[in-house]
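The values are calculated or read from the model by the stated rules, or taken from the named source; none is laboratory data. Quick caveat, the model's predicted, so the values are computed rather than measured. All Cβ positions, glycine included, derive from the backbone under ideal geometry; neighbour counts span all protein chains shown. For the accessible areas, the whole protein counts, side chains as well, though only heavy atoms, and no ligand, DNA or RNA atoms are used. Shrake-Rupley method; radii C 1.70, N 1.55, O 1.52, S 1.80 Å.
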Amino acid sequence: MHDEKKDFRVYVDVVYRKKWLILFIFLIVFLTTLFFVRRQAPSYTSSSSIYIESGNPTAMAFSLSSDAQGKRPIEFFMGILESRSFRESVRDAVRDHAISRGMPPIQATDLSAKAIESLQVKRSKNEGFYTLTAESESPDIAYATDSLTVGLFIERCILYARQQTSGMTAFVAMQFDSARARLERAEDNLQAFRKQHNLIQVGGDPATDPSLPIDYVRLVEGYYDARQERQTAQAALEAAEEASRLLRINLDTLATDKLRRALPALDLAEAEERTRKARTDLQLKELQEQSFLSQLQAYEASHPGLSDVSIGYLRLVRERDIYVRLSDLLLERREELRVKSASETGGVRVVDAPSEATPKPSRAPLILVLSAIIGLSLGVGAAFLLEMMDTSVRTVGDITEALEVPTIGTIPSIGVAPGGKRRRESERRRVLISDGNPKDPVAEAYRTLRTSILYSSGDQPIRSLVISSAGQAEGKSITVANLAIVCAQMGQRTVVVDADLRRPVQHILFELERDEGLTEALVHRHELAEVAKPTNIENLDVVTCGVIPPNPATLLGSAAMGERLQELVQHYDIVLIDTPPVIVVTDAVLVARQTDGVLLVVRCNSTPREAARHTADTLRTANIPLIGAVLNDIDVTRRYGGYHYYNYYYHYYYGGYYGSSDGTGDTKTAKT
């Protein structure tokens, strides 16, 4: 549970420290979305409802019965609505309508194209019912798009239906003409037979002729009934084959590939199946006809005494009756097709006419909420991404991981006063080089560091200490100066040696003359105690760098340097040496080999971990004791690494216990 709380606090720290980045990204996303939302014109919608009769598209073509229904699959109708040619025709019609109402041609073209792109077809809960919705910035364009879409859609469906119906009408008419010709020939043959055998005055049904046995009459009637069924099946097969041929022709003329894919998958497969069934049915009827014919021929062969006249007359009458019934059936079918073609609706009916365009509910609030969520997510994501990419040292744990040494001090930023307020420039300088206020948190942090150094070596006290860093601007020189001050305040005779012969700053911090310093002592073989300059702080002297030499490493690595340091150790309780950064030049390593150890200054949120690790490895390679590290310049106004507790600690302890920060000793805050 403790680890979970700690991890959660780390996440909160990251968000808090990157709050301005998160806010910036959030505002960019949100304001950009707000700009485009405000620029969007109001939108209007118009809708209508239609009913589509879908089903088998070729049932009527394959059947000669009066109850056949011609329906197309729903994919056919959807294919028309989504086809490029249909939408282009609607777009052109809407554009022409808008221009006729006084709209500029360019605007009419643009709005009509957008309206067609927004056209939607949705299926309702009830089967066969569909809703068409058109949207546009202009209410007139929205209404015209919806209305013209419905009208042109019905016209297109009627056109396709009539193309197939007209083809079947012509085919059935041709079959009817053929049946009528056969009927006329049968009538002529019957009349000729009557004249030949003087049967013109004979009336009644030939089946009642007493000279013909009843069994024979039934065989004749069964034969001609089977013959009629065979001819009807033949007509149905020819109709099925013709419908398949017309369907293929229609497919070749369709405007879109989607229609071509929809119909062959349904219509042609159904057409082939029905053609196969019609062919099978025809074969069965032919077998039945042949069976009756064989029985009839066998009966006649076994009864040679039957009257040839009665037999011939009976057959001619039955043959005529076959063609009469077939002609009536084809005539009825032809008239049905003509009526259907004249009253064709295309399988589409309007349920609700297009409504007047109404304003579309604004989605601006939802869009803005989503943009806020996206902006916040992007900001937090960017914050954690930068956090992952940041390889600088931020916590004591980072120092332990990178250097494998203890952190013996944590120094808050000198530019921040208790309570998180920024110091004035004069206050910053006083904290560095003066004994200042005993309640100042920075001074207290250096006193804590002084104590840690004193007890870090056990029984063997540290007399000489190099304070360095991995790179420049880590705060090592300021650390040297402040540590020297608190050591001197404890009564220790302290000396600061400015061994940074490349960029010296100790003489500036203590406001001393730089000349007659370390360089002169090494070159002229003077004792460092002779060139040490007193400061306005009791027990504290400073050996400035002197003249900057052309060969600093040679001087610092010389035997004279070691001798001078040993002399200082004899005169002072502690010698603090300021050197250049370790990984920049070799000066620090050369000096450190002649001292009791090195204190490494690491600047919080600045020093790269790899640089700190490389510095520690360099010192260990040279067999130089690394007594610990100082995490410097912790900004207590930020929340990284748990150091936000300084805000509370400084304000409560130093502001309440010691009094005000102006040094007057007012303890009113302590009473609170």
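Is one or more of the residues making up the range 466-483 of a type outside the set (Ser, Thr, Tyr), at positive phi, assigned to a loop (DSSP other than H, G, I, E, B) and over 56 Å from the mean Cα position of the chain (by Cα)? Step through it out loud before you land on a result.
First, the residues of the range 466-483 that are of a type outside the set (Ser, Thr, Tyr): 466-467, 470-476, 478, 480-483.
Now drop any that are not at positive phi, which leaves 473, 475.
After this cut, where a residue has to be assigned to a loop (DSSP other than H, G, I, E, B) as well, the list is 473, 475.
Within this subset, residues satisfying the condition of being over 56 Å from the mean Cα position of the chain (by Cα) are none.
Checking the range 466-483: not a single residue is of a type outside the set (Ser, Thr, Tyr), at positive phi, assigned to a loop (DSSP other than H, G, I, E, B) and over 56 Å from the mean Cα position of the chain (by Cα).
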What number of residues in the range 15-26 are in contact with a helix residue (DSSP H, G or I) (Cβ under 9 Å, 6 or more places away or on another chain), open to solvent by 70 Å² or more (accessible area, probe 1.4 Å) and either part of a loop (DSSP other than H, G, I, E, B) or at pLDDT 90 or above (or both)?
2
Considering each residue of the range 393-412, count those that are modelled with pLDDT under 85, small (Gly, Ala, Ser) and in contact with a Lys or Arg (Cβ under 9 Å, 6 or more places away or on another chain), and give that number.
1
From (1) open to solvent by 70 Å² or more (accessible area, probe 1.4 Å); (2) in a strand (DSSP E or B), pick out the condition that doesn't hold for residue 410.
(1)
Using beta carbons and a limit of 8 Å, which pairs, at least six apart or on different chains, have the first residue in the range 81-101 and modelled with pLDDT under 90 and the second one of a type outside the set (A, V, I, L, M, F, W, C) and part of a loop (DSSP other than H, G, I, E, B)?
82/256; 83/256; 84/256; 85/256; 98/138
Residue by residue through the range 607-641, note down the ones that are modelled with pLDDT under 50 and loosely packed, with under 15 Cβ neighbours inside 10 Å.
none
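Out of the range 534-566, which residues are over 17 Å from residue 500 (Cα atoms) and in contact with a strand residue (DSSP E or B) (Cβ under 7 Å, 6 or more places away or on another chain)?
Filtering the range 534-566 for residues over 17 Å from residue 500 (Cα atoms) gives 534-540, 559, 563, 566.
Of everything in the range 534-566, those that are over 17 Å from residue 500 (Cα atoms) and in contact with a strand residue (DSSP E or B) (Cβ under 7 Å, 6 or more places away or on another chain) turn out to be 534, 535, 539, 540.
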Selection count where residues are at pLDDT below 85, over 19 Å from residue 594 (Cβ atoms) and among the polar types (S, T, N, Q), scope the range 433-466
3
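Could you pull out the residue among 593, 603 that is within 23 Å of residue 528 (Cα to Cα), among the basic types (Lys, Arg) and modelled with pLDDT of 90 or more?
593
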With the requirement that a residue be of a type in the set (S, T, N, Q) and either modelled with pLDDT of 75 or more or touching a Phe, Trp or Tyr at 6+ places or on another chain (Cβ under 7 Å) (or both), what does the range 198-231 give you?
228, 231
Output for the range 289-305, where each listed residue is modelled with pLDDT under 85, within 16 Å of residue 218 (Cα to Cα) and not small (Gly, Ala, Ser):
289, 292, 293, 295, 296, 297, 299, 300, 303
Give the range 102-116 a look and list any residue that's over 33 Å from the mean Cα position of the chain (by Cα) and surrounded by 12 or more Cβ atoms within 10 Å (Cβ to Cβ), or say none.
103, 107, 108
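Filter the range 538-566 for residues that are open to solvent by 20 Å² or more (accessible area, probe 1.4 Å) and in contact with a helix residue (DSSP H, G or I) (Cβ under 6 Å, 6 or more places away or on another chain) and give the result.
Going residue by residue through the range 538-566, those that are open to solvent by 20 Å² or more (accessible area, probe 1.4 Å) are 538-539, 541, 547-548, 550-551, 553-555, 557-559, 563, 566.
Scanning the range 538-566 gives 539, 547, 553, 555, 557.
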Filter the range 122-140 down to residues that are in contact (Cβ under 8 Å) with a residue 24 or more places away in the chain and part of a strand (DSSP E or B) and give me whichever is farthest from the chain's Cα centre (by Cα).
129
Filtered residues of the range 440-465 (kept if in a helix (DSSP H, G or I) and touching a residue at least 24 places away in the same chain (Cβ under 8 Å))
441, 442, 443, 444, 445, 446, 447, 448, 449, 450, 452, 453
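Just to check your reading of the model, which residue among 49, 43 is within 30 Å of residue 363 (Cβ to Cβ), modelled with pLDDT under 90, small (Gly, Ala, Ser) and open to solvent by less than 40 Å² (accessible area, probe 1.4 Å)? Lay out the reasoning, then the answer.
Working: 49 fails: modelled with pLDDT under 90.
Answer to the selection: 43.
Looking at 29, 12, 37, which one is touching a residue at least 40 places away in the same chain (Cβ under 8 Å) and buried (at least 17 other Cβ atoms within 10 Å of the Cβ)? Spell out the reasoning first.
On the way: 12 fails: buried (at least 17 other Cβ atoms within 10 Å of the Cβ); 37 fails: buried (at least 17 other Cβ atoms within 10 Å of the Cβ).
Criteria check complete, one pass: 29.
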Could you check the range 360-383 and list, in sequence order, the residues that are modelled with pLDDT of 85 or more and open to solvent by 60 Å² or more (accessible area, probe 1.4 Å)?
365, 366, 369, 370, 373, 374, 376, 377, 378
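Please indicate, with yes or no, whether at least one residue in the range 524-537 is open to solvent by 10 Å² or more (accessible area, probe 1.4 Å), farther than 24 Å from residue 450 by Cα and outside any loop (DSSP other than H, G, I, E, B).
Looking through the range 524-537, at least one residue is open to solvent by 10 Å² or more (accessible area, probe 1.4 Å), farther than 24 Å from residue 450 by Cα and outside any loop (DSSP other than H, G, I, E, B).
Keeping to the range 52-78, report how many residues are buried (at least 21 other Cβ atoms within 10 Å of the Cβ), at pLDDT below 80 and assigned to a helix (DSSP H, G or I). Steps first, please.
To start, the set of residues in the range 52-78 that are buried (at least 21 other Cβ atoms within 10 Å of the Cβ) comprises 52, 57-58, 60-62, 70, 72, 76-77.
Subset that is at pLDDT below 80: 57-58, 60-62, 70, 72, 76.
Keeping just the survivors that are assigned to a helix (DSSP H, G or I) gives 60-62, 76.
Residues flagged as buried (at least 21 other Cβ atoms within 10 Å of the Cβ), at pLDDT below 80 and assigned to a helix (DSSP H, G or I) within the range 52-78 amount to 4.
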State all residues of the range 121-150 that are under 16 Å from residue 97 (Cβ atoms), surrounded by fewer than 20 Cβ atoms within 10 Å (Cβ to Cβ) and in contact with a helix residue (DSSP H, G or I) (Cβ under 9 Å, 6 or more places away or on another chain); if no residue qualifies, say none.
137, 140
